[in-house]
Amino acid sequence: MRWNQPRARWTLAVAALVVALSVLAAGWAGSGREAGPTAKAQAAYDRGDWTEVVRLAREAIDAHDDQAAATRLLARALARLGRHEAAQRCFARLGERDKQAEDYYLLGSGLIRQGDMPRGARVLEEARKLDPDRAEVLDALVRIYGRTGRLAEAIEAAGRLARRPGWEVRGDVMLGLLDADHADPAGTAAALDRALKIDPRLNGAIASPLDARKILARALLRLGRPVDARSQLASGLADGPDPESSWLLSRAYLQEKVPDRAAAALADAGDFGQDDPTRFEPAPYVGVDACAKCHAEIVRAEQRSRHARTLLRPQDLTDLALPAQAVADPELKGVVHAFRRQDGTIVQETRAGEKTARAVVEYGLGSGDRGLTFVARDDSGTPRVSRISLYADRTIWDLTSNAAPRHSSDPDGILGRPLSADGLEQCLDCHRTSPRAARDPKAPEARDRGIGCERCHGPGGHHLAAVALNFDDLAIGRPSLAGAERVTRLCAACHRADDPSIDADDPRAVRFQTKTLPLSRCYSESDGALSCTTCHDPHRDAETSPAFYEARCLSCHSASPKENGPRRAPCPVNPARDCLSCHMPSVGGAAPHTNFTDHFIRVRRNGESSGR
């Protein structure tokens, strides 16, 4: 076989030469042939020349040059130019299987700019399914979730965006702002600190460096890190005076127990912080026990009130009488709910035929005088609002007032309505001193029973320091100094409708006093004199005597009102009594087994009892 080796080598060399000549020939031929309009359109798109893309893509479509690719480029360019209706018509020519993540992103963004937020969000979520880490999609979803109260999802998307190359600063600033809304100062501090270290100018971020440093300083103060807060504030003040930065600096010096410097910084702040007595301090929480050292009587009264019983853990429910027999669901035929104690907690078992769903109670929401509703976690870990609640001072088990119908797509829906992470957070936010109290059992305010002092007055760390240092500014929220609008807004943080579809004409509106009271002429024409605290002491349970409230009415609507008080016409029907039965009646139907006083104060005609 040796004699064949030279011939074989010669054959291989000739073959290699033929291949090389073919490649060269193809190159010479290609160099002389102009790229088609679709290829040109793609090149224009890559460099961001959207107008040129539109021209070339239309030329490609007319020339039947890769029409699918040309149509996609035309649709994308039109969307980038803000011509969303035309873009949508082009995208419609592409089948759903042919759409890519960028197509869904541009479609969703266009729908949002046209005012269709729900549909736009759904389309953007389709884009994310195809490309979970596409930065443009994450950026858009963070803003949508943040605006629509889907805070947990916004935080997750912002964290993912912050890990995308080139988007770290924008993502971390978003994450820091969201964590601030989420009452997570540690998360805020970490995210904003990262962003400022990467780019102190925060190019491309949604906050200026000065604003970011002030938000970071607030988070650091809440964490009890005044020295780090001062460092951030010094960077901001280096560019010139800023009243808010000086005010925050005074709080840093308060934490460091340097009253002279705190006073000087406060003077530099001018009037900042004096416009709103209900503003919370960026301070550490201290818990109700710390408040009791100086305000013992008020704290004792508040801790005996229903406010302190708005959230109960299983260990707080040991004396609760559970139903001896399973409770039949009032709406779902053949469904029964049973409750039993096990290992220090309460277990709910709901049966429907052969199926049994199980959940372990984590919280009891409500003081029990009107209602007590369980939040339980099912075997999959999903928190649920139990379909069955206790009413009438814990004597009647019946359907939860906002129970959702069971859906076939939710096999454990017989237990109750599922809660998202945000939904659970919103529930706990109004039933604890702070959202963190439910997350961190070691937090000082987590030892409060239900709602404590700092829920309405804000964190008390600065106040304790101010009192100890005999500082002129008491550094605490003081709602008693605020006008009616601010007081009502403070109460409305919890006493509001959780369903935005509830308007004043809805029979359920009677439950939400901060929605109905401002509709009253007594409120709007009182020049700020009438608010929730005109009749209710937030530190004690509401009075039950009609005479108590009628005295409040007659202090204005009387032939001889109190000295220096507002003068309003007395009632022409009964000027001396029975104000409530006519103008603020007790109304049923808004929740099972309970009535609510209608706070929409008005003249009722023809037997009207609720609604407008």
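The values are calculated or read from the model by the stated rules, or taken from the named source; none is laboratory data. As the structure is a prediction and not an experimental result, all values here were calculated from the model. For neighbour counting, all protein chains shown are included, and Cβ atoms are generated from backbone atoms with ideal geometry for every residue, glycine included. Ligands, DNA and RNA are excluded from the accessible area calculation, which covers all protein heavy atoms including side chains. Shrake-Rupley method; radii C 1.70, N 1.55, O 1.52, S 1.80 Å.
Just a few scattered comments:
- FRET efficiency, 1/(1 + (r/R0)^6) with R0 35 Å, evaluated for Asp503 and Asn203 via beta carbons: 0.20
- Spin-label model, Ala569 to Gln114: label points 7 Å out along the Cα-to-beta-carbon direction sit 5.3 nm apart.
- Mean accessible surface per residue for the stretch 119-270, computed with a 1.4 Å probe while every protein chain stays in place, in Å²: 45
- A Förster radius of 41 Å, combined with the Cβ-Cβ distance separating Ala296 from Arg143, puts the computed FRET efficiency at roughly 0.30.
- Glu136 accessible area, 1.4 Å probe, all protein chains in place, Å² to nearest 10: 40
- Correct choice for percent of Cα pairs over 39 Å apart that was computed from the model, options [x] 39; [y] 50; [z] 55: [y]
- Modelled FRET efficiency - R0 41 Å, Ser409 with Asp343, Cβ distances, 0.05 increments: 0.80
- For Ser586, the solvent-accessible surface computed with a 1.4 Å probe is close to 80 Å², ligands and nucleic acids excluded.
- Rg over Rh for the stretch 112-227 works out to 1.00, both radii taken from alpha-carbon positions and Rh defined as the Kirkwood radius.
- Our estimate of slack between Asp131 and Leu474, defined as 0.36 nm per intervening residue step minus the Cα-Cα distance, is 118.3 nm.
- By accessible area with a 1.4 Å probe, ligands and nucleic acids excluded, highest first: order of Lys257, Lys442: Lys442, Lys257
- Shape call, the stretch 474-572: gyration tensor on alpha carbons, a/c limit 1.5: oblate
- Highest-first arrangement of 198-206, 532-540, where packing means the average Cβ count within 10 Å: 532-540, 198-206
- Heavy-atom SASA rank of Leu81, Leu192 (probe 1.4 Å, accessible area, largest first): Leu81, Leu192
- Only lysines eight or more places from Lys333 in sequence, or on another chain, were considered; those with a Cα closer than 22 Å are Lys355.
- Between Arg602 and Ala542, the simple label model (points 7 Å from Cα in the Cβ direction) yields a spacing of 1.9 nm.
- Solvent accessible area, Å² - Val169, 1.4 Å probe, full protein context: 20
- Among the listed pairs Lys257/Lys293; Lys40/Lys99; Lys197/Lys257; Lys214/Lys257, a Cα-Cα separation exceeding 26 Å is found for Lys197/Lys257.
- When a 1.4 Å probe is rolled over the protein heavy atoms, the share of accessible surface on the chain that falls to carbon and sulfur comes to 52 percent.
- Calculated log₁₀ intensity ratio I(q)/I(0) where the Debye formula runs over C-alpha points of the stretch 215-288, q = 0.12, 0.15, 0.19, 0.24 Å⁻¹: -0.29, -0.46, -0.74, -1.15
- Here each label is just a point 7 Å from Cα along the line to Cβ, and for Thr395 and Asp527 those points are 4.7 nm apart.
- With all protein chains in place and ligands, DNA and RNA left out, the 1.4 Å accessible area ranks Ser389, Ser208 as Ser208, Ser389, largest first.
- Computed over the stretch 366-497, the convex hull of the alpha-carbon atoms projects to a mean area of 10.8 nm².
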